[in-house]
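Asker: Next up is a structure, given as structure tokens.
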Amino acid sequence: MSGWTPENVRDTLQANGIGIKTEGRTGNDLGTEFRCDDGQIVQVYDTGKVSVQGKNQEAVRQILGVAQPLSVVAAPAAKPQANRNVFVVYGHDSDARNELEAMLRRWGLNALILDQLTSGGQTIIEKLESVRQEANFAVILATPDDQGHRANHPEELAYRARQNVVLELGMMLSVLGRDRVAILMKDQVAMERPSDIQGLIYIPFKEKISECALQLAKEIDAKGIPIDLKKV
């Protein structure tokens, strides 16, 4: 911008709350130099041009209408962070769920637990539909919470996961795909698999979730959600 005088610049800075520490001629005696409280250096040349240097330049540039020099190269844009949300589906085994949640958080993942999320007046299905769009991976905790068999075949009695677990598993598969859904299956007792779909990622454990920590971490890491496997 041209046409500035030292008086114009001084008054404009002070009117906008920019304090001036010193005022004097520039080192090359081509204009007047203002040194401001926040580290800005404003030089008003006798030709009427203004230059802004020093720290915290942006506010002063906007006030005086001084453009950023073309020689200044903008910093490269930061790479987008991978979505680290992992939706957790679970049944009645609260100890296993708590262990899984703590493990995911240690890996720097954000565990989305259904009953810990605000409902906002939504039904369970609506809540699932909104959450599933935010998750980048799902971990299904299949524990022997129920028992069942075919009608008139009591000899087939077996443990199985809760119906809500099977429903939510299906929803996660439909959105994320089979390769982004891992099923941690407690095989302490004979238990039906919650699905006969081929190609699902089943990871068994007997007592503790930590038994399958490394395999689960590898599956998640392989899908572009970085985990330091050396610390698992």
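Asker: With 43, 68, 122 as the choices, which residue is under 29 Å from residue 12 (Cβ atoms) and either surrounded by 13 or more Cβ atoms within 10 Å (Cβ to Cβ) or modelled with pLDDT of 70 or more (or both)?
Answerer: Just one listed residue meets the conditions, 43.
Asker: Buried (at least 18 other Cβ atoms within 10 Å of the Cβ) and at pLDDT below 85: does that describe residue 157? Don't jump to the end; show me each part of the working.
Answerer: Values: buried (at least 18 other Cβ atoms within 10 Å of the Cβ): no; at pLDDT below 85: yes.
Spelling it out, it is not the case that residue 157 is buried (at least 18 other Cβ atoms within 10 Å of the Cβ) and at pLDDT below 85.
Asker: Among the residues of the range 94-119, which ones are within 28 Å of residue 187 (Cα to Cα), at pLDDT below 90 and not hydrophobic (A, V, I, L, M, F, W, C)?
Answerer: 94, 115, 116
Asker: Let me ask you something else. Based on what the data block shows, is residue 220 in contact with a strand residue (DSSP E or B) (Cβ under 7 Å, 6 or more places away or on another chain) and closer than 22 Å to residue 105 by Cβ? Full working, then the answer.
Answerer: Working: in contact with a strand residue (DSSP E or B) (Cβ under 7 Å, 6 or more places away or on another chain): yes; closer than 22 Å to residue 105 by Cβ: yes.
Criteria met by residue 220.
Asker: Every residue in the range 125-144 that is part of a loop (DSSP other than H, G, I, E, B) and more than 16 Å from residue 201 (Cβ to Cβ), please. Steps first, answer last, please.
Answerer: Of all residues in the range 125-144, those part of a loop (DSSP other than H, G, I, E, B) come to 133-136, 143-144.
Residues satisfying the conditions are 133, 134, 143, 144.
Asker: Condition test on residue 150, is it over 18 Å from residue 180 (Cβ atoms), at pLDDT 85 or above and out of contact with any Pro (no Cβ under 9 Å at 6 or more places or on another chain)?
Answerer: Values: over 18 Å from residue 180 (Cβ atoms): yes; at pLDDT 85 or above: no; out of contact with any Pro (no Cβ under 9 Å at 6 or more places or on another chain): yes.
Considered against the rule, which asks whether it is over 18 Å from residue 180 (Cβ atoms), at pLDDT 85 or above and out of contact with any Pro (no Cβ under 9 Å at 6 or more places or on another chain), residue 150 comes out as no.
Asker: Sticking with this structure for a sec: Among the residues of the range 15-35, count how many are in contact (Cβ under 8 Å) with a residue 12 or more places away in the chain and open to solvent by less than 90 Å² (accessible area, probe 1.4 Å). Let's see the steps before the verdict.
Answerer: Within the range 15-35, the subset in contact (Cβ under 8 Å) with a residue 12 or more places away in the chain is 16, 18-23, 26, 30-32, 34-35.
If we keep only those that are open to solvent by less than 90 Å² (accessible area, probe 1.4 Å) as well, we get 16, 18-20, 22, 26, 31-32, 34.
The qualifying residues number 9.
Asker: Please enumerate the residues belonging to the range 184-201 that are open to solvent by less than 50 Å² (accessible area, probe 1.4 Å), more than 30 Å from the chain's Cα centre (by Cα) and hydrophobic (A, V, I, L, M, F, W, C).
Answerer: Answer for the range 184-201, where residues must be open to solvent by less than 50 Å² (accessible area, probe 1.4 Å), more than 30 Å from the chain's Cα centre (by Cα) and hydrophobic (A, V, I, L, M, F, W, C): just 191.
Asker: Taking the condition of being surrounded by 15 or more Cβ atoms within 10 Å (Cβ to Cβ) and free of Cβ contacts under 8 Å to residues at least 12 places away in the same chain, how many residues in the range 46-64 meet it?
Answerer: Residues meeting the conditions: 1.
Asker: So, one more: On the given criteria, is residue 227 over 25 Å from residue 126 (Cα atoms) and touching a residue at least 12 places away in the same chain (Cβ under 8 Å)? Full working, then the answer.
Answerer: Values: over 25 Å from residue 126 (Cα atoms): yes; touching a residue at least 12 places away in the same chain (Cβ under 8 Å): yes.
In short, yes.
Asker: Here is a list: 181, 232, 175. Which entry is open to solvent by less than 20 Å² (accessible area, probe 1.4 Å), among the β-branched types (Val, Ile, Thr) and within 22 Å of the chain's Cα centre (by Cα)? Walk me through it before giving the result.
Answerer: Details: 232 fails: open to solvent by less than 20 Å² (accessible area, probe 1.4 Å); 175 fails: open to solvent by less than 20 Å² (accessible area, probe 1.4 Å).
Exactly one residue qualifies, and that residue is 181.
The values are calculated or read from the model by the stated rules, or taken from the named source; none is laboratory data. What you see is a predicted model, and the numbers here were worked out from it, not measured in a lab. Here Cβ is always computed from backbone atoms with ideal geometry, including for glycine, and neighbour counts include all displayed protein chains. Keep in mind that these areas ignore ligands, DNA and RNA; they rest on the heavy atoms of the full protein, side chains included. Shrake-Rupley method; radii C 1.70, N 1.55, O 1.52, S 1.80 Å.
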